[in-house]
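Working notes, structure below.
The values are calculated or read from the model by the stated rules, or taken from the named source; none is laboratory data. Only a predicted model underlies this, so the values are computations on that prediction, with no experimental measurement involved. Heads up, the Cβs are rebuilt from the backbone with ideal geometry, glycines too, and the neighbour counts pull from every protein chain shown. These area figures cover heavy atoms from the full protein model, side chains too; ligands, DNA and RNA do not enter into them. Shrake-Rupley method; radii C 1.70, N 1.55, O 1.52, S 1.80 Å.
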Amino acid sequence: MNILCSEPAADGFRMPAEFAAHEGCILIWPHRRDSWQNGAYAARKAFAELIGWISKSEKVTVCARFEDYDEARRLLPPQVRVVEMSSDDSWARDVAPTFVTNGSTIRGIDWGFNAWGGLVDGLYFPWDKDNKMARKLCDLLDKDCYNYRDFILEGGSIHTDGEGTLLTTEECLLGKGRNPHLNKIEIEQKLCAALGVEKIIWLRKGIYHDETNGHIDNICAFTAPGEVVLAWTDDENDPQYAISSECLDILTHSSDAKGRPIRVHKLLLPKPVCITEQECEGLDDMDGEPTRTAGERLAASYVNFYIANHHVIVPQFGDDNDAKALETLQPLFPTRTVIGIYARDILIGGGNIHCITQQIPLAI
Ligand code: KQY
């Protein structure tokens, strides 16, 4: 593996859309006892179900710690590659490389990672093992790797249409915990140089009470060039209503890099999902403090789906809107089957299906 200090766009590389063909997908076996209740028992079952679906059409690589390797190997299908790798947590979207292509070769980008805000408002310390995973994965997968460790970015904070447009949020990328020495224009320049995009659409905020500082992948996602789904509620008393309304306003007044207007499909949210007393009791403390409080609202959203080669896999919460979410998404992905999996046990960790996956595009 070569470590590259040039810029992907200047080298002719760009980040493809998630709905383009994939060579594979990366996940990390869950283990943090302060994130996942009861020693991650239920989360592991949900991860295994998700991996089963993705591995029907993609080569899946799962990173497991030394102490978890045997269990992961036993629970996962034989076509899944399980490798031993150290990690602090299990959010492959944010710590695995972002992959770029020039049409014939795939390379990775190794962003700096500081656990969603470092010492300003990060979620755990230390994060050194997670920060080393992107480079290790490039090595494992035999991909050259761009060194962007001086720029803090998580994969969950960006979505691209693969045709020059990037979606992100100001709440996350302009927050004080990532790159406070850079202004908005400088951040745009970095993103364009790294991802081969020309146009960035900035939404203001993400999902209410999302501990990632409003990752885009929980509120808005491309389903096709010029088309997005937006997390939505009709309840004007919900704090999410004002946030989603502002996003809608920005999106409907935006055009993409090719000059197309953005078509917005509303994806209704579930009713607020709050953690229970019993679930909190299943979580270990972190540094002597509880990580969650009973009644705390979790950042539940159907937008946090993964687009695999043959399926779109969507979180379900046991809510009346679960089926509606699948019905809304199916016509938007006519060549794939939309599948729901019960994902409350993933959500308790602070993210969902999209956050625990990272696609490796196919070089076409
Ligand atoms: O949503 C994500 N991309 C990550 C969530 C991290 C939560 C850590 N407890």
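Based on DSSP H segments of at least four residues, each scored -39500 (n - 2.57), the chain has a per-residue ellipticity at 222 nm of -7000 deg cm²/dmol. Distant-in-sequence amide contacts of residue 18, defined by a placed amide H-H separation under 5 Å and a gap of 5 or more residues or a different chain, comprise 160. Rounded to the nearest 10 Å², what accessible area does residue 35 show when all protein chains are kept and the probe is 1.4 Å? Here the residue's solvent-accessible area equals roughly 20 Å². What FRET efficiency do you get for residue 266 and residue 2 if R0 is 41 Å and r is their Cβ-Cβ distance, rounded to the nearest 0.05? With R0 = 41 Å, the Cβ-Cβ based efficiency is 0.40. Full extension of the chain between residue 84 and residue 49 gives 10.6 nm of extra length, using 0.36 nm per residue less the Cα-Cα distance. Of the residues 93, 33, the one with the largest accessible area comes first in the ranking 33, 93, computed with a 1.4 Å probe on protein heavy atoms. A 1.4 Å probe over all protein chains sorts 301, 254 by accessible area into 254, 301, starting with the largest. Bridging of residue 258 to lysines at a Cα separation below 25 Å is possible for 184, 190, 199, 205, 266, once same-chain residues fewer than 8 apart are set aside.
Remark: the chain carries 39 Å² of accessible area per residue (probe radius 1.4 Å; ligands, DNA and RNA excluded). Applying the Karplus relation 6.51 cos²θ - 1.76 cosθ + 1.60 with θ = phi - 60° to the range 347-361 yields 3J(HN,Hα) values of 4, 4, x, x, x, 8, 4, 5, 5, 9, 10, 9, 7, 10, x Hz, where x marks Gly and Pro. The alpha-carbon atoms of the range 16-170 define a convex hull whose volume equals 126 cubic angstrom per residue.
Partners of residue 271 within straight-line reach, counting lysines whose Cα lies under 17 Å from its Cα and excluding those fewer than 8 residues away in the same chain: 324.
Using a probe of 1.4 angstrom, how much of the accessible area of the chain is carbon and sulfur, in percent? About 48 percent, which is the carbon plus sulfur part of the accessible surface.
The label point for residue 362 and the one for residue 21, both projected 7 Å from the Cα toward the Cβ, are 0.3 nm apart. The per residue volume of the convex hull around the alpha-carbon atoms of the chain is 125 Å³. Accessible area of residue 15 (1.4 Å probe, protein heavy atoms only, ligands and nucleic acids ignored): about 20 Å². Put a plus charge on the Cβ of each Lys and Arg, a minus charge on the Cβ of each Asp and Glu, and nothing anywhere else: the dipole of the range 3-361 about its Cα centre is then about 1020 debye. Which of the trypsin sites (Lys or Arg not before Pro) found in the range 237-344 are loop residues per DSSP with 15 or fewer other Cβ atoms within 10 Å of their Cβ? Of the trypsin sites (Lys or Arg not before Pro), the ones in loops of the range 237-344 whose Cβ has at most 15 other Cβ atoms within 10 Å are 258. With both labels modelled 7 Å from their Cα along Cα-to-Cβ, the residue 176 to residue 10 distance reads 3.3 nm.
For residue 198 and residue 142, a Förster radius of 22 Å and the Cβ-Cβ distance give a FRET efficiency of 0.15, rounded to the nearest 0.05. Modelled label positions at residue 235 and residue 186, each set 7 Å beyond Cα in the direction of Cβ, lie 4.1 nm from each other.
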